[in-house]
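Participant: Here you go, one structure.
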Amino acid sequence: MRIVEAGKLALESIWANRLRSFLTLLGVIIGIAAIVATAAVIHGLNRYVAEKLSNLGKGVFVVQRFGIITNRQEFLDAARRNKRLLPADARAIAERVPGAEIVGWEVHATADLERGEHVIRDTDIGGVTPAILEIEPYEVAEGRLLLQHEEDHAAAVAFLGHEVAQRLFPNVDPIGKELRIGGARLTVVGTAAQKGSFLGFSQDNYVKIPFSLHQKLYGTLGSVNISVKAREPARLEETIDEVRAVVRARHHLRPGAPDDFGILTAEGINDLWRNLTQTIFRVALFVVGISLVVGGIVIMNIMLVAVVERTREIGVRKAVGASQRDIVQQFLVEAVLLSCLGGAIGIAIAYAAATLLAANTPLPAEFPPWAPPVAFAVCTAIGVFFGIHPARRAAHLDPIEALRSE
């Protein structure tokens, strides 16, 4: 029997039992929709992290007191072992590392901002050297960045994130206006372009002030983050090794002792994120795989029922010359079509879900282009695996006994 003819017979059988076929496919539909929707969310998050969160800039890395920490014990060990990083460490890097083109440092605190009746709670106050604003990707919307002489004299000036500027100065040009941080009055010299939010958390709720001013307001006990831009991005690893050697020497670490600081790179962030999302996807695949297996078992059971219901039809076809191969092909094609139909519905549901999530939630879901072919390949495998037993059972029916069936 030709595949096309087998497909036509299979479609006629599916259409004749529409409700039963739909109920049969629920497990496959739910499984495919869930796994493809999960893949869409992870795909969108991976793209977002690569483009936004881990975009430190070409040839840029950050030296921190704590690097990438993945568990509580690792944090406790680092908290006991790691020393504070000081501005002196950053200056030593700038002086002793020939591969470092720009070195800047920053420290953070949280405070409330006020301007008249406008108040913003829990805003990130970053004390930075002007070099930080050169290294990190801050796009100026209005005004300018902080200047070196403002750092040298602890000038009371501020560079605002987009959200802070909009909320404190609605419908007003903020440049040259004042705001209050605690008891200090600061003059706005510039505002940043909007970065947007990630998973509902704003990336525009910050204020950058001179590092020296930050020390006057909040003290000198915090550890600084040191950002370094390599002179030659192609030699990034060599520059990292040079910086590591300088900091280890300043912290008097013995050869073989672990670093008491962390070095953060875009590649490190991406690797951590990929490992995390791969773990999530594997767990989701295992859980959803149960649904697909159940769906396959339901397809097999329904096909066995179909063999019993169509015993006389099978006998007639054998009597007029249909071979065992023709019968196997007919029922196998029907099982595969059933499974792929469920996969198509599941893909459509997943696409709609990904579109709605991207439009109405903070999740940057993005439908992966590889999802449809992979889903159809999985559905075909399910149809063949769970359809082969009913198909062979139909093929081995005795034609005489089948013709006697009512």
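The values are calculated or read from the model by the stated rules, or taken from the named source; none is laboratory data. All of these numbers come straight from a predicted model, not from anything done at the bench. Please note: Cβ atoms are built from the backbone with ideal geometry, for glycine as well, and neighbour counts cover all protein chains shown.
Participant: Among the residues of region 126-162, how many are charged (D, E, K, R) and modelled with pLDDT of 90 or more?
Facilitator: Initially, region 126-162 is screened for residues charged (D, E, K, R), giving 134, 136, 139, 142, 144, 150-152.
Now narrow it down to the ones that are modelled with pLDDT of 90 or more: 142, 144, 150-152.
Number of matching residues: 5.
Participant: Where in region 103-191 are the strands (runs of 3 or more DSSP E), entirely inside, with at least 1 residues that are aromatic (Phe, Trp, Tyr) and in contact with a Lys or Arg (Cβ under 6 Å, 6 or more places away or on another chain)?
Facilitator: On the way: elements: 118-128, 140-143, 157-160, 178-181.
Because the criterion is at least 1 residues that are aromatic (Phe, Trp, Tyr) and in contact with a Lys or Arg (Cβ under 6 Å, 6 or more places away or on another chain), the strands (runs of 3 or more DSSP E) in region 103-191 that meet it are 157-160.
Participant: Let me ask another. For Arg274, which of the numbered conditions (1) within 21 Å of the chain's Cα centre (by Cα); (2) over 30 Å from Glu136 (Cα atoms); (3) at pLDDT below 80 fails to hold?
Facilitator: Condition (2) is where Arg274 drops out.
Participant: Where the second residue is surrounded by fewer than 24 Cβ atoms within 10 Å (Cβ to Cβ) and the first is charged (D, E, K, R) and lies in region 26-38, which pairs have Cβ atoms under 6 Å and are six or more apart or on separate chains?
Facilitator: Listed by first residue and then by second, the contacts come to nothing, as the list is empty.
Participant: Then there's this: Gly262 versus (1) surrounded by fewer than 16 Cβ atoms within 10 Å (Cβ to Cβ); (2) in contact (Cβ under 8 Å) with a residue 12 or more places away in the chain: which is the lone unmet condition?
Facilitator: In the conditions (1) surrounded by fewer than 16 Cβ atoms within 10 Å (Cβ to Cβ); (2) in contact (Cβ under 8 Å) with a residue 12 or more places away in the chain, Gly262 misses (1) alone.
Participant: Shifting gears a bit: Could you grab me the full set of residues in region 92-111 that are touching a residue at least 60 places away in the same chain (Cβ under 8 Å) and within 25 Å of Phe169 (Cα to Cα)?
Facilitator: Residues of region 92-111 touching a residue at least 60 places away in the same chain (Cβ under 8 Å): 92-93, 96-109, 111.
Across region 92-111, the qualifying residues are His108, Ala109, Ala111.
Participant: Say whether the condition of being at pLDDT below 85 and outside any helix (DSSP H, G or I) is met by at least one residue in region 345-362.
Facilitator: Yes: one or more hits.
Participant: Which condition does Ile35 not pass, out of (1) touching a helix residue (DSSP H, G or I) at 6+ places or on another chain (Cβ under 8 Å); (2) at pLDDT below 70, if it passes all the others?
Facilitator: Tallying (1) touching a helix residue (DSSP H, G or I) at 6+ places or on another chain (Cβ under 8 Å); (2) at pLDDT below 70, Ile35 fails exactly one: (2).
Participant: Considering every residue within region 61-78, establish whether at least one is of a type in the set (Val, Ile, Thr), modelled with pLDDT of 85 or more and not assigned by TED's automatic domain parsing to the domain that holds Ile132. Lay out the reasoning, then the answer.
Facilitator: First, the residues of region 61-78 that are of a type in the set (Val, Ile, Thr): 62-63, 68-70.
Right, trim to modelled with pLDDT of 85 or more and you get 62-63.
This time we only want the ones that are not assigned by TED's automatic domain parsing to the domain that holds Ile132, so: 62-63.
Looking through region 61-78, at least one residue is of a type in the set (Val, Ile, Thr), modelled with pLDDT of 85 or more and not assigned by TED's automatic domain parsing to the domain that holds Ile132.
Participant: With Ala358, Ala352, Ala335 as the choices, which residue is in contact (Cβ under 8 Å) with a residue 60 or more places away in the chain and of a type outside the set (Lys, Arg)? Break it down stepwise before answering.
Facilitator: Numbers: Ala352 fails: in contact (Cβ under 8 Å) with a residue 60 or more places away in the chain; Ala335 fails: in contact (Cβ under 8 Å) with a residue 60 or more places away in the chain.
On inspection, the qualifying residue turns out to be Ala358.
This table checks each residue for (1) in contact with a Cys (Cβ under 8 Å, 6 or more places away or on another chain); (2) farther than 27 Å from Arg81 by Cβ; (3) assigned by TED's automatic domain parsing to the domain that holds Glu101.
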{"residue": "Leu221", "(1), (2), (3)": "no, no, yes"}
{"residue": "Asn225", "(1), (2), (3)": "no, no, yes"}
{"residue": "Arg235", "(1), (2), (3)": "no, yes, yes"}
{"residue": "Val243", "(1), (2), (3)": "no, no, yes"}
{"residue": "Gly256", "(1), (2), (3)": "no, no, yes"}
{"residue": "Ile280", "(1), (2), (3)": "no, yes, no"}
{"residue": "Gly295", "(1), (2), (3)": "no, yes, no"}
{"residue": "Met303", "(1), (2), (3)": "no, yes, no"}
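Participant: Now for a different question. Return the residues of region 91-113 that are surrounded by 14 or more Cβ atoms within 10 Å (Cβ to Cβ), out of contact with any Phe, Trp or Tyr (no Cβ under 6 Å at 6 or more places or on another chain) and over 22 Å from Ala230 (Cα atoms); say none if nothing qualifies.
Facilitator: So in region 91-113, the residues surrounded by 14 or more Cβ atoms within 10 Å (Cβ to Cβ) come out as 92-94, 96-97, 99-109, 111, 113.
Then drop every residue that is not out of contact with any Phe, Trp or Tyr (no Cβ under 6 Å at 6 or more places or on another chain), which leaves 92-94, 96-97, 99-108, 111, 113.
Result: His108, Ala111, Leu113.
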